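Just below is one structure, and these are the notes that go with it.
Only the coordinates and a few stated rules stand behind these numbers; no lab work does. Every value quoted in this text rests on a predicted model; they were computed, and no experiment measured them. Cβ placement follows ideal geometry from the backbone for every residue including glycine, while neighbour counts extend to all protein chains displayed.
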Amino acid sequence: GENVEQHPSTLSVQEGDSAVIKCTYSDSASNYFPWYKQELGKGPQLIIDIRSNVGEKKDQRIAVTLNKTAKHFSLHITETQPEDSAVYFCAASWNEKLTFGTGTRLTIIP
Amino acid sequence: DTAVSQTPKYLVTQMGNDKSIKCEQNLGHDTMYWYKQDSKKFLKIMFSYNNKELIINETVPNRFSPKSPDKAHLNLHINSLELGDSAVYFCASSQGTGAQPQHFGDGTRLSIL
């Protein structure tokens, strides 16, 4: 089955700086890679996703890049704001199910 | 206007009891899921249903029995609760199976005494 590794497990950045979270996946058949943000007491919320036929996707301050050859994908958040503080999860879709990474706790320092 | 709603939000009960969690989605999606999130925040799929039919069962103990009365509802019944069942259980839904965005509810925190 699919295995997704996510790094770092915790990340603190100054407000206004950029944050990068990286994931690797094991199964080359995976074809869909969403990113979720989870705030305290809430369910994961989809913030951006990318499919295997695309190398990069942007949505305002958030971007995701995918390197299929290396089986890596990354989340980039620019101009970070206090409300970006949360736990972020990457995931990879294979065989009709999502396998999640272990999460990154992002803290934005005012 | 909650898209995926779960009840109850909190559930505190004794070991050995039987309990149910309910989930409803108003997004018109065909597929619904149950996930378990443990104390280390690890999210793992338990079950998925597409149009009321079970399509994923991830080696979950048979004390856990999902039921989908229609495609907008997916309930989870747990028999003989054990300490290790303490976790947050999330319901999610998507339009179709496979590589589709999933929308999550806000979870049910189950605590076993």
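Structural remarks
- Qualifying chymotrypsin sites (Phe, Trp or Tyr not before Pro) in the stretch B:80-113, DSSP loop, other Cβ atoms within 10 Å at most 13: none
- In chain A, the sites counted are GluC sites (Glu not before Pro) in DSSP loop states with at most 13 other Cβ atoms within 10 Å, and the longest stretch holding none of them, exclusive of the sites, is A:40-78.
- For A:Ala91, the amide hydrogen comes within under 5 Å of the amide hydrogens of A:Gly101, counting only partners 5 or more places away or on other chains and with H modelled in the peptide plane.
- Between the stretch A:73-110 and the stretch B:23-40, the alpha-carbon center distance in angstrom: 19
- Across the stretch A:29-45, coupling constants 3J(HN,Hα) worked out from phi with the 6.51/-1.76/1.60 Karplus curve, θ = phi - 60°, read 7, 4, 10, 8, 9, x, 10, 10, 10, 10, 8, 4, x, 10, x, x, 10 Hz, and Gly and Pro carry x.
- Length-normalised contact order for chain A - Cα pairs under 8 Å, 6+ apart - percent: 37
- ³J(HN,Hα) computed for each position of the stretch B:41-49 - Karplus, 6.51 cos²θ - 1.76 cosθ + 1.60, integer Hz, glycine/proline x: 6, 6, 9, 9, 6, 10, 9, 9, 10
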